[in-house]
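See below for the structure under consideration.
Every read-out reported here was derived from the displayed coordinates using simple, explicitly stated rules and does not represent laboratory data. The model shown is predicted, which means the values in this text are computed figures rather than measured ones. Positions of Cβ are backbone-derived with ideal geometry, glycine not excepted, and every protein chain shown enters the neighbour counts.
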Amino acid sequence: MSCRRGALIVLEGVDKAGKTTQCKKLVHALQQSGRAAEMMRFPDRTTQIGQLISSYLEKKSNLEDHTIHLLFSANRWELVPLMKKKLEQGITLVVDRYAFSGVAFTSAKPDFSLEWCKCPDVGLPKPDLVMFLQLNPSVAAERGEFGTERYETSTFQRTVQQRFEQLMKDPSVNWKVIDATKSIEVVHNDIKVLCENTLNTCENLPIGEL
Ligand code: DGP
């Protein structure tokens, strides 16, 4: 019998929406229910490319805007063989940020079109489900001060949110919006309900491409 593939599930949202917490809880819940599941995150700062990105985000180095965009994309591409292998082994991947963050963050900079920003990620494995943790930027600000990394300002995050809203109009991607103002447990439950449907329907379909 051939192994049923795992699902590729992505959580997106502006900073402070609770993506990392929710990814961890989802992986745990999937494992408890007897499914093989693992978490991944982008950028993956552990690779050589990831270290260049990390140093850029920490403002220890400066990189030209197109260059860093391509490095973020390259960081996703370098993990594709591993992602495919795991999905084919039946492992569901819960991914903290993906190509949509890539497009939303770079296109929030002046003079970058959504179209240009999407190009380097064309062909990446397509998520079976992308959940957008919706959080009003003013509520995000109430969750505490932003950190000191690049991009962590309210003005920039508001523009990022607008770019995500444009991306969510793409009907070829299975977007679902989650109200992230609710408590951690309620959000977790909403996420589990949405995943259930995807997990039951995707396993006989081939992995798509962005
Ligand atoms: P995190 O490790 O999840 O806090 O993400 C690091 C920061 O990098 C966060 O502000 C979002 C941003 N980011 C994530 N992916 C990309 C990308 O592909 N391109 C750009 N320009 N920024 C990204």
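A compact table of results
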read-out: Among residues of the stretch 7-48, those that are surrounded by 19 or more Cβ atoms within 10 Å (Cβ to Cβ), more than 12 Å from residue 95 (Cα to Cα) and of a type in the set (A, V, I, L, M), counted; value: 3
read-out: Filtered residues of the stretch 8-67 (kept if hydroxyl-bearing (Ser, Thr, Tyr), farther than 17 Å from residue 192 by Cα and outside any loop (DSSP other than H, G, I, E, B)); value: 54, 55, 56, 67
read-out: Residue check for residue 81: part of a helix (DSSP H, G or I) and within 14 Å of the ligand (Cβ to nearest atom); value: no
read-out: Which listed residue, of 84, 126, is in contact with a Pro (Cβ under 9 Å, 6 or more places away or on another chain) and farther than 18 Å from residue 20 by Cβ; value: 84
read-out: Matching residues, the stretch 37-52, being more than 13 Å from the ligand (Cβ to nearest atom) and aliphatic (A, V, I, L, M); value: 37
read-out: Those residues of the stretch 34-67 which are touching a helix residue (DSSP H, G or I) at 6+ places or on another chain (Cβ under 9 Å) and of a type in the set (Gly, Ala, Ser), in sequence order; value: 36, 37, 50, 61
read-out: Residue satisfying all of: in the stretch 84-94; assigned to a strand (DSSP E or B) and more than 14 Å from the ligand (Cβ to nearest atom); farthest from residue 13 (Cα to Cα) among these; value: 92
read-out: Condition broken by residue 172, with the remaining ones in (1) of a type in the set (Ser, Thr, Tyr); (2) away from the ligand (no atom under 14 Å from the Cβ); (3) in contact with a helix residue (DSSP H, G or I) (Cβ under 8 Å, 6 or more places away or on another chain); (4) within 23 Å of residue 8 (Cβ to Cβ) satisfied; value: (3)
read-out: Subset of the stretch 179-205 (residues that are in contact (Cβ under 8 Å) with a residue 12 or more places away in the chain, under 26 Å from residue 90 (Cα atoms) and either charged (D, E, K, R) or in contact with a Phe, Trp or Tyr (Cβ under 7 Å, 6 or more places away or on another chain) (or both)); value: 190, 192, 203
read-out: Subset of the stretch 95-128 [closer than 14 Å to residue 73 by Cα and β-branched (Val, Ile, Thr)]; value: 103, 106, 122
read-out: Sole exception among (1) surrounded by fewer than 20 Cβ atoms within 10 Å (Cβ to Cβ); (2) free of Cβ contacts under 8 Å to residues at least 60 places away in the same chain for residue 106, by number; value: (1)
read-out: Helices (runs of 4 or more DSSP H) fully within the stretch 95-182 counting 3 or more residues that are in contact with a Leu (Cβ under 9 Å, 6 or more places away or on another chain) and within 24 Å of residue 199 (Cβ to Cβ); value: none
read-out: Breaking point among (1) over 26 Å from residue 183 (Cβ atoms); (2) more than 12 Å from the ligand (Cβ to nearest atom); (3) free of Cβ contacts under 8 Å to residues at least 12 places away in the same chain, for residue 33; value: (1)
